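Accompanying notes for the structure given below.
The values are calculated or read from the model by the stated rules, or taken from the named source; none is laboratory data. The shown structure was predicted, so the numbers you read here are calculated from the model rather than taken from an experiment. Here Cβ is always computed from backbone atoms with ideal geometry, including for glycine, and neighbour counts include all displayed protein chains. Just so you know, the surface numbers come from the protein's heavy atoms only, side chains and all, with ligands and any DNA or RNA stripped out. Shrake-Rupley method; radii C 1.70, N 1.55, O 1.52, S 1.80 Å.
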Amino acid sequence: MEPHGGRDPLPRNMIENSMFEEEPDVMDLAKESPSCPIDSDDVVYEPRSSRLLVRGLGENDQDDEEEDYESSARLLGMSFMNRSSNQRGATSSFVRQQPSGLCSMPSAKTTVLGVLVLVVVASVVMVIYFLPSCTFSKEGCQKSNSSTIYPVTSEGELFPWSELRLPTSVRPVQYEISLHLNLTTLTFQGSVTIRVVVLNETKVIVLHSSGMKILKCTFQDKEVKVLEYKPWQQIAINISENLKKGQTYVLNINYMANLSSSYDGFYNSSYIDTTWEKRVLAATQFEPLAARKAFPCFDEPAFKATFLIKIKREREYISLSNMPKAKTTELPDGLFEDEFESSVNMSTYLVAFIVANFSSVSMNASNTVVSVYAVPDKKDQVHYALQTAPQLLQFYNSFFDINYPLRKLDLVGIPDFLAGAMENWGLITFRETTLLVGNHSSDIDKQLVTSVIAHELAHQWFGNLVTMRWWNDLWLNEGFATYMQYMSIQKVFPHLEIDNEFLRVRFRALEKDALNSSHPVSSVVNTPEQVEEMFDAVSYEKGASILLMLNATFTEQVFREGIKEYLKKYRGGNTDSNDLWSSLSQVIKQSVDVGQMMNTWTKQKGFPLVTVSRAGTQVKLMQEHFLLNANNVTASSNLWHIPLTYVNDTCSNSISCRQVFHFKDKTAKFEVPTSVKWLKFNYRNEGFYVVDYGDKGWEALMDALKENVNVLSREDRASLINNLFALSRLGKVSIIQVLNLLTYLKNETETAPLTEALRQLNHIYRLLGKRSDLFLVSRMRTHIFDHFGDLMDSQSWGKEMSVSKQELRSALLETACTLNRLNCTQQAKALFNQWMASNRTMRIPGELLKVVLSVAAQTEQDWNTLFNTYKFSILDSEKRKTLQALASTQNIRTIMWILQAGLDGNDIQTPELPLVISTVCRHFAGHLYAWDFVKENWDKLTQKFPVGSFALQSIIASTTSQFSRKLQLEEVQSFFGSLKERGSQMRSVQEAIENIELNIRWMESNLATLRKWL
Ligand SMILES: [Zn+2]
């Protein structure tokens, strides 16, 4: 999945929680016959928490015992409270069964007791409700390590499974799903037939289902009762006889449900066409946990099966699914039924179907029919994607040496889509912005579309063909797809100059991972909220960064051989990180243990700070955890196996100059000739670490750059700038030192270092601006203009050929106009007036559109004109830039209106709300209102965007990241603290708090000196 629809970074972070992973070690009820009445002597009740706390202390977790207790408790508190508030009195009860669980045949005693069970169950409900608060502490509820607690359904019956993860005694082999959709009533009826195979004898089948009404269930053609435990979205059927190992059985469920009104499951979407008619459509978004909302299924990535899908629809629509259509039948009632070919073996989260009135264009490429679908009004915008996708498909076919296995590949632009895109096998869904390109779109717009297509296509191998076993290793999907998207574009579309973007992504990943609230790339996850939160910068961006480091260390050829080996070996299956390392070690001929090396990057959070000191010929190295708020936590003694690279003044630019030193211990040293003047580590910033050169080392490097900027590559220069600011945040280098060292920038002309410096200075400027410290704001503005003013004024406003020049220009002019540089705002206004005079037919270069429109949006009259443009625009990239301009207004009433409009979803589609909020927050007038808006509308926001989702992560970060006062910190803490189960456990909340603390600290240590110096 591509988590967002644009370049605006989405802040994503969360809490660490470790509970249980993989197979539960509790009694397998399948073997224990839960359908038998339970002897009353064996029945006790207990909140789920205690049991799970026990589970939280698996053998592997002993070292972190304390933390696990706490985190599990927080988490369970959350789930428990969830149930209490929603289903209290109905479902909030659990029954423990002794593990011996000897369930003899019904006797007189048990028959009588069967009745008593009901009474007990009722009591359970009462008692759990009034149970003295069982604190989630070590002493609290822990009772027996070896017992299992079963939940009770809303009908008061015992639910025969006690874990969030499904049992593995049966697995699905084949699904046949028949859907009848009604786009008028926005409901659907479904029938799913699942053939399951028994792996271990059992008397129970447990699967997922959410939000549907089950009408009838048969097992082997006999009607059976379905038990449902809603809080865990599980249903179960008890079978009277043991299911035999190795046998297959057939389960059929008929059900009905409403189309989802959020953006997951089988949801309805609508748009207004150019004749002002409202059009409806239905589409799916299942990753990570929403296939269960469309059909009952074993909704975990390791339960792969084949899917045969049939959809009944009305004549005016088409339907699409993962596989090619096998046939269409006209039914007596005038409806049509489309039947699709049976799918390849795949995970439930990759299943997809769409019913809509889209139009398409197709072409044949590498034995695959590639089609691009869009709403009919936008059919002219599909051609870029249609040219691009086949080239990437061909590249991946040959790079992975495994051909894309399906005969067709559809790329579909969906109006009203929350994620950036989703890699459903054979039916990739996109936001319109990430798929459609107009005739006049800029290269930067094309770069975005190409990136997202490249990302989703890479998933057809990494994710679809070989899938992570469980969400804890999501990075195997997302880190790889992110890495491959940049790598493939470098090879196939070098003119798009994607390198700068990949470098920015790595810088962003370092920033996220420097917080204590970060988490290991491969983290233990269990609850739905934790699964949602895995879709963050660590899985995507750090994942991609460490793959780049791996590639750079062992060469691309070896890396490629390794992943080919991995894909061939695990094709069609599920894997974890170790499987990847073992495939790579087979091809790496060096003596390095790749698994051991990479585990230091995937199993511990954060990254190292390498401190370099030099005395004559000797270079001393020291590594420690780069943790921004180390004051609050005990410093970890973590060590990383760093493939440390470096160049020196005698040879610094070409790859052949690069030397590699495997740095695994706390300290190390090596020798260099006396004649070496300086060393630059982390060649081209391909490694995931920060380097501190010490005062002398920094000076030597900066002096060299002042003499000749070209002694280092542009990536190396950008990396020095990035590391300096990072060290300033860490408190190792003062901001004055940073600004002094950066005087070399006056000679800089390259995009990567300049945009990095601008980004960092803008960040400081915005922080100061939000404190209303007018003196410092104005001094900072002068400082930025001193360094960049000439460059800003020399930018052209006409067509610019190269992508990197376009990137530089838009960064410079955006800063210039935001800081009200007269030259910039005048030019922008003039261009806007010409554009209006031409009735919007004149071309403004795509990358300047946002700057020009944002300047215009500051007057009421032009704002209104722009709003009309926005409403009528069918060119999505232009529409989005117009929206950003509208949201940049400084008029308080308009700000309040636009926030509300984004939430209502009529004038502005709700998936754009995170973008609206982040834009509003960039400006002084809006950021306090946005925070109030989020507080007031929290419940509505969590109805639209699930707790933990990247949309919510983004909203939290944009509204809080610029606070730098203690009062604001207290307010944020108190607001999120009061939410309890409605979001206070989110990792992004911890991240927000940590960021404000860091801002406060930064202000305390730098404000006074900054005031003197600037
Ligand atoms: Zn993805």
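Using θ = phi - 60° and the Karplus curve 6.51 cos²θ - 1.76 cosθ + 1.60, what whole-Hz ³J(HN,Hα) does each residue of segment 538-546 get, with Gly and Pro shown as x?
So the Karplus estimates, Gly and Pro as x, are 5, 5, 7, 8, 5, x, 5, 5, 6 Hz.
Could you list the trypsin sites (Lys or Arg not before Pro) in segment 922-1014 that lie in coil according to DSSP, counting only those with at most 14 other Cβ atoms within 10 Å of their Cβ?
Passing sites in segment 922-1014 are ARG965.
Less than 18 Å apart at the alpha-carbon level, and either on another chain or at least 8 residues along: which lysines does that give for LYS408?
LYS310, LYS325, LYS327
Counting pairs on different chains as well as pairs 8 or more places apart, how many Lys pairs in segment 793-882 have Cα atoms under 17 Å apart?
9
Summing Lys, Arg as +1 and Asp, Glu as -1, what charge do residues with Cβ under 12 Å from the Cβ of LEU998 carry, LEU998 excluded?
For residues surrounding LEU998, the net value is -3.
Please list LYS230, LYS850 in order of solvent-accessible area, largest first, computed with a 1.4 Å probe with all protein chains present.
Result, largest first: LYS230, LYS850.
Expressed as a rounded percentage, what relative contact order does the chain have, with Cα pairs under 8 Å and six or more residues apart?
10 percent
So what is the calculated 222 nm ellipticity per residue for the chain, using -39500 (n - 2.57) for each DSSP H run with n of 4 or more, over all residues, to the nearest 500 deg cm²/dmol?
Dividing the helical sum by the residues of the chain leaves -13500 deg cm²/dmol.
When the label point is put 7 Å from the Cα of LEU199 along its Cα-to-beta-carbon vector, which residues of segment 226-253 have a backbone N closer than 13 Å?
246
Go through segment 327-336 residue by residue and turn each phi into a ³J(HN,Hα) via Karplus (6.51, -1.76, 1.60, θ = phi - 60°); whole Hz please, and just put x for glycine and proline.
7, 10, 10, 8, 9, x, 7, x, 7, 10
Ranked highest first by the average count of other Cβ atoms within 10 Å around their residues, in what order do 173-180, 521-528, 419-426, 780-787 fall?
419-426, 521-528, 173-180, 780-787
Tell me, what is the per residue accessible area of the chain in Å², probe radius 1.4 Å?
Computed with neighbouring chains in place, this is 37 Å² per residue.
Modelling each spin label as a point 7 Å along the Cα-to-Cβ direction, I'd like the LYS980/ILE214 distance in nm, to one decimal.
Each label point is offset 7 Å from its Cα along the Cβ direction, giving 3.1 nm.
List the aspartates and glutamates whose Cα lies under 14 Å from the Cα of LYS230, skipping any in the same chain that are fewer than 8 positions away.
Excluding near neighbours in sequence, the set is GLU155, GLU157, GLU163.
As a quick test, which of the pairs LYS293/LYS944; LYS696/LYS732; LYS225/LYS293; LYS564/LYS589; LYS664/LYS696; LYS605/LYS669 have an alpha carbon distance above 18 angstrom in this structure?
LYS225/LYS293; LYS664/LYS696; LYS605/LYS669
What ranking do 329-340, 359-370 get when scored by the average of other Cβ atoms within 10 Å per residue, highest first?
With the highest mean Cβ count within 10 Å placed first, the list reads 359-370, 329-340.
Convert each backbone phi in segment 909-915 into a coupling constant with the Karplus relation 6.51 cos²θ - 1.76 cosθ + 1.60 (shift: θ = phi - 60°), then list the ³J(HN,Hα) values in order as whole Hz, x for Gly and Pro.
Running phi through 6.51 cos²θ - 1.76 cosθ + 1.60 with θ = phi - 60° gives 5, 4, x, 8, 4, x, 5 Hz.
How big is the Rg/Rh ratio for the chain, C-alpha atoms only, Rh by Kirkwood, two decimals?
Reported Rg/Rh (Cα atoms, Kirkwood Rh): 0.97.
How much length is gained if the chain between GLU971 and ASN833 is pulled fully straight, taking 0.36 nm per residue apart and subtracting their Cα-Cα distance, in nm to one decimal?
Gain on stretching GLU971 to ASN833: 45.3 nm.
Tell me, in nm to one decimal, what length is gained between GLU556 and LYS664 on full extension, where the rule is 0.36 nm per residue of separation less the Cα-Cα distance?
Result: 36.6 nm gained on full extension.
Within segment 197-242, list the chymotrypsin sites (Phe, Trp or Tyr not before Pro) lying in a DSSP loop whose Cβ has at most 13 other Cβ atoms in a 10 Å radius.
Within segment 197-242, no chymotrypsin sites (Phe, Trp or Tyr not before Pro) qualify (loop, at most 13 other Cβ atoms within 10 Å).
If you count only protein heavy atoms and use a 1.4 Å probe, how large is the accessible surface of LEU952, to the nearest 10 Å²?
About 0 Å², ignoring ligands and nucleic acids.
Points 7 angstrom from Cα along the Cβ direction at HIS440 and PHE872: gap in nanometres?
Calculated label separation equals 1.4 nm.
Once amide H atoms are placed 1.01 Å from N in the peptide plane, what residues at a sequence separation of 5 or more from LEU215, or on another chain, have their amide H within under 5 Å of its amide H?
ASN254, TYR255, MET256
With a 1.4 Å probe and all protein chains in place, put THR611, THR348 in order of accessible area, largest first.
Per-residue accessible area, sorted high to low, gives THR611, THR348.
In terms of Cα to Cα distance under 19 Å, which lysines are near enough to LYS568, apart from those fewer than 8 places away along the same chain?
LYS304
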